[in-house]
Every structure is written in structure tokens, then in C-alpha cells.
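See structure below.
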Amino acid sequence: MEKIKDVQPSLKGVVISKSTFQKQALQQDLLTPGLWGLFLSGILVGACRSGDVSAVAESFLAVRQAGDWRTAFISAFISAAGMVLLLFVSGLCAVGQPGAAVILLIRGMGLGSCVAELYRQMGIEGAAAVFLLLILPEAIAAFCFLQGAKSALRMSTRIFAAILSPEPPVLLPYLKRYGVKLLLILGLLLLAAMLSGLCTGILGPALCCLRIV
């Protein structure tokens with residue numbers, strides 16, 4: 001009888017840990033589609049407010065039509081890297097979860113408004129050409145922003161939990177992984193900016209042949 005009593009608490013502990021693991025896995029599964037939904041919502045909102053950024057769209061178009069791959073590379077990397085750094089800084093704050101969500105939303109709004117304004121100015125042919133210029137670099141950049149937002153939300157939640165916990169926090173391993181992920185994302189953004197410059201140098205001059213409506 002004593003052996004049976006000794007086994008029961010351990011079995012109960014296994015059930016609880018399994019339930020906790022399943023709950024965490026479910027939360028992680030819901031996080032990715034939730035962030036995608038937020039990013040796509042930003043694109044839709046930006047497309048509806050494209051008139052507010054007509055100057056940005058005109059600057060984007062002028063650089064691409066000129067085939068200035070250096071300017072396209074530098075501007076693409078600086079704008080994306082700056083927002084990613086803000087994203088990771090929000091992850092170092094205990095209440096930075098709303099900031100990470102807002103940055104992801106703003107990124108989507110910028111992409112949606114720029115594409116919509118270019119379509120308004122250049123018509124369907126121009127929009128198709130710009131789509132070819134944007135699709136691969138922006139796909140990589142979107143992946144980077146989604147991974148960065150996911151990491152920032154998790155890191156911010158860990159810091160918040162560590163503050164409330166009565167036990168001494170153990171955050172150093174998480175911070176190291178957080179920094180490594182930041183470097184990897186910046187490397188991918190550098191690749192996306194290089195592709196943007198390459199596409200601009202190859203396809204950009206073809207935009208000059210399109211009539212602006």
C-alpha cells in the first residue's frame with residue numbers, strides 16, 4: 001500500500017506537466033496565425049489610406065525607375081533594420097507586448113499603402129511590375145518581422161513573469177538566444193535588401209516604359 005501511495009503523487013505530477021505542455025503548445029500554434037492576421041490587417045488598412053503616403057510612393061518609384069540599386073539597397077536595409085531593432089527593444093520591456101504588435105501592424109500598413117498608391121499612379125501594368133520588384137525581398141522581410149515579433153512577445157512575457165516571480169530570475173540563457181536571433185534576422189534583412197537592389201538594377205529601368213495614369 002505504501003508503494004502505491006508513493007506512486008500516485010508522481011503520476012499526478014506527470015499529468016499536470018503534460019497538460020501544461022499541451023497548453024503552451026496550443027498558445028504557440030495560435031501565435032503565428034495571429035501575427036500573420038495582424039500583418040495582413042496592416043496591409044489592408046494601409047491600402048485604404050494610400051493617399052497619406054503618396055510622397056513615399058513617388059520616392060520609391062523614382063529610385064526604381066532610375067535603376068539605382070545602391071539607393072534601393074541602403075534604403076531597404078535601413079528602414080527594415082531600424083524597425084526590427086525597435087521590435088527587439090520592445091521585447092526587453094516587461095510590458096512591451098503592445099509595442100511589438102504595433103510595430104508589426106505599422107510595417108504591414110507601410111507595405112499596403114505603398115503598393116496601393118503605386119497602383120493608383122501607374123495602373124495594373126505598373127502594379128504588376130512593382131509586384132515583381134517587391135515579392136521576393138518583401139517575402140523575406142515579412143518572415144523576419146513575424147519571427148522578430150514572435151521572439152519579442154515571448155521575451156517580454158518571460159521578463160514580466162520573472163518580475164512577478166518570488167524566485168530569482170534566470171534570464172541570461174534566454175537573452176543570449178534573443179541576441180543570436182536578432183543577428184540572424186538582421187542577416188536575412190541584409191539578404192532581402194541585396195535582392196531588392198538586384199531587382200531594381202535589372203527590372204527597374206523597365207518601369208520607365210510604363211505610362212503613369
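When only the heavy atoms of the protein chains count and the probe is 1.4 Å, how do Thr71, Thr200 rank by accessible area, highest first?
On the way: Thr71 55, Thr200 0 Å².
From most accessible down to least: Thr71, Thr200.
Of the peptides 186-199, 31-44, how do they stack up when ordered by the mean number of other Cβ atoms within 10 Å, highest first?
Details: 186-199: 19.1, 31-44: 15.5.
Highest to lowest by the protection proxy: 186-199, 31-44.
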(message) For Glu167, Glu138, give me the order by solvent-accessible area with a 1.4 Å probe, most accessible first, ignoring ligands, DNA and RNA.
(response) Glu167, Glu138
(message) Based on alpha-carbon atoms only, what is the radius of gyration of region 128-173 relative to the globular estimate 2.2 N^0.38 Å?
(response) 1.90
(request) Sort 168-180, 78-90 for me by packing, meaning the mean count of neighbouring Cβ atoms within 10 Å per residue, highest on top. (result) 78-90, 168-180
(message) Test of understanding: what is the full-extension gain from Cys93 to Phe143, defined as 0.36 nm times their sequence separation minus their Cα-Cα distance?
(response) 15.7 nm
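The values are calculated or read from the model by the stated rules, or taken from the named source; none is laboratory data. Everything numeric in this text was worked out from a predicted model, so none of it was measured. Because the Cβ atoms are built from the backbone with ideal geometry, glycine has one as well, and the counts that use them run over all protein chains shown. SASA here: full protein model, heavy atoms, side chains in, ligands and nucleic acids out. Shrake-Rupley method; radii C 1.70, N 1.55, O 1.52, S 1.80 Å.
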